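I have placed the structure first, in the form of structure tokens, so that the comments after it can refer back to it.
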Amino acid sequence: MDHKHWYEVARADPAATFFQTPLWSEISCDVLGATSDFTRSFELESGVRVVVPLVGVGRPGPMRHVISTATGCYGGLIADGPVSPDEATQVYLRVMSRSTLSFQFLESPLRQYRLGPEFTAHATARPESAWLIDLEDGFDAAYQRMPRRIREYHRSGIRKGVSVSESDSLADYRSAFDAYQDAILRWGESLDYGYGWEVFERIHAAARLHPDLIKMWIARVDGEVAGGRLVFYWNRHAVLWHGTARREFLKYRVIPIADIEVMRDAAARGYSVYDLNTSGDQPQVVEYKRRMGASDTPLQIWRRESPVVRLGRGGKRAGRVVARSLRSVARKAH
């Protein structure tokens, strides 16, 4: 897939997210378990150019399972002009080529299509929610919409020595990773759970090349690293991908303070939304995002399998492959 063409379409589409760019595909294939990039491009009769970001999951081979996009992040088509629901349906049907065993995507919170029965009749849909904070009217308006208790936590934490700043230091990325490992133990998991250091190291390298698109925000308490928030940016959409804090600093409310300061920066730079991302089946994470004043945006995770998979035993195996891909980010934003 020609990346110049892909970037042009992604920049032209106001509903495109970072996850639907070539950069996310490159990172995914390098360190997030995707086997290869299988992104498809189409041109509609109207002349509108469409791109469907795709990566392979599971065992590589001539027949493949594809997902849009890796680790269960936002996917689906992007376009440099209007696309009707019927056209979107036809594009997704064309993704199901003879070599595609299954195709799965999580809708973008910025646009969803009402797909036709030609696609949905042989597809499954599972509900998911994204949690968005509206910055269209600026930071002050978004801040005042937050519950009073959150604003009190923020002001109190700042007085007690909490600070939040952007960092491109590899040492700070490492400190954020150490905070993540501390959180993994707090959750009762073993340290081989979730992402390894190589993921953070690769994203750090990408951030050095694309500092406007990837930012690590480090929360400190009296100068000591408490945790981090890894945020991706595209067009006017800022999205939290990963973040947590060390347990001894949770009493300072460093997580909501960090999110508020990320919001402040995003609004100042003209972003219209700060997206706290999805939450899987974790009630505590959902409750945190609701308390932050984020709006629940209902989405669907669509999955369609080829007749070969539907009729054979491979269906269950394919489902487990993609399910693992989705679970890998189940605790990405604590």
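The values are calculated or read from the model by the stated rules, or taken from the named source; none is laboratory data. Bear in mind that the values here come from a model prediction, so they are computed numbers and not experimental data. With ideal geometry, Cβ positions are generated from the backbone for all residues, glycine too; neighbour counts draw on all protein chains shown. In case anyone asks, the SASA skips ligands and DNA or RNA and just uses the protein heavy atoms, side chains included. Shrake-Rupley method; radii C 1.70, N 1.55, O 1.52, S 1.80 Å.
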Exercise for the section: Considering only residues that are assigned to a strand (DSSP E or B) and of a type in the set (G, A, S), look in the range 89-138 and name the one that is most open to solvent (accessible area, probe 1.4 Å). Expected result: A125
Problem - Failed item in (1) in contact with a strand residue (DSSP E or B) (Cβ under 7 Å, 6 or more places away or on another chain); (2) open to solvent by 20 Å² or more (accessible area, probe 1.4 Å); (3) in a helix (DSSP H, G or I); (4) farther than 23 Å from E248 by Cβ, with D212 passing the rest - result: (3)
Practice task
Would you be able to tell me the number of residues in the range 1-29 that are open to solvent by 10 Å² or more (accessible area, probe 1.4 Å), more than 16 Å from I67 (Cα to Cα) and in a helix (DSSP H, G or I)?
Solution key: 7
Fill in the blank from the handout: Across the range 32-82, the tally of residues that are out of contact with any His (no Cβ under 8 Å at 6 or more places or on another chain), in a strand (DSSP E or B) and open to solvent by less than 20 Å² (accessible area, probe 1.4 Å) stands at 10
Problem - Candidate set from the range 289-334 (those that are touching a strand residue (DSSP E or B) at 6+ places or on another chain (Cβ under 9 Å), at pLDDT 80 or above and basic (K, R)); member that is nearest to A70 (Cα to Cα) - result: R303
Exercise for the section: Tell me, please, whether a residue that is closer than 30 Å to G270 by Cα and open to solvent by 60 Å² or more (accessible area, probe 1.4 Å) can be found in the range 175-189. Expected result: no
Completion exercise
Across (1) open to solvent by 60 Å² or more (accessible area, probe 1.4 Å); (2) within 20 Å of A183 (Cβ to Cβ); (3) touching a residue at least 60 places away in the same chain (Cβ under 8 Å), V221 clears everything bar (1)
Completion exercise
Listed by first then second residue, the pairs whose first member lies in the range 262-284 and is assigned to a loop (DSSP other than H, G, I, E, B), whose partner is surrounded by fewer than 18 Cβ atoms within 10 Å (Cβ to Cβ) and of a type in the set (D, E), with beta carbons under 9 Å and at least 6 positions apart or on separate chains, are R269/D212; S272/D134; S272/E136
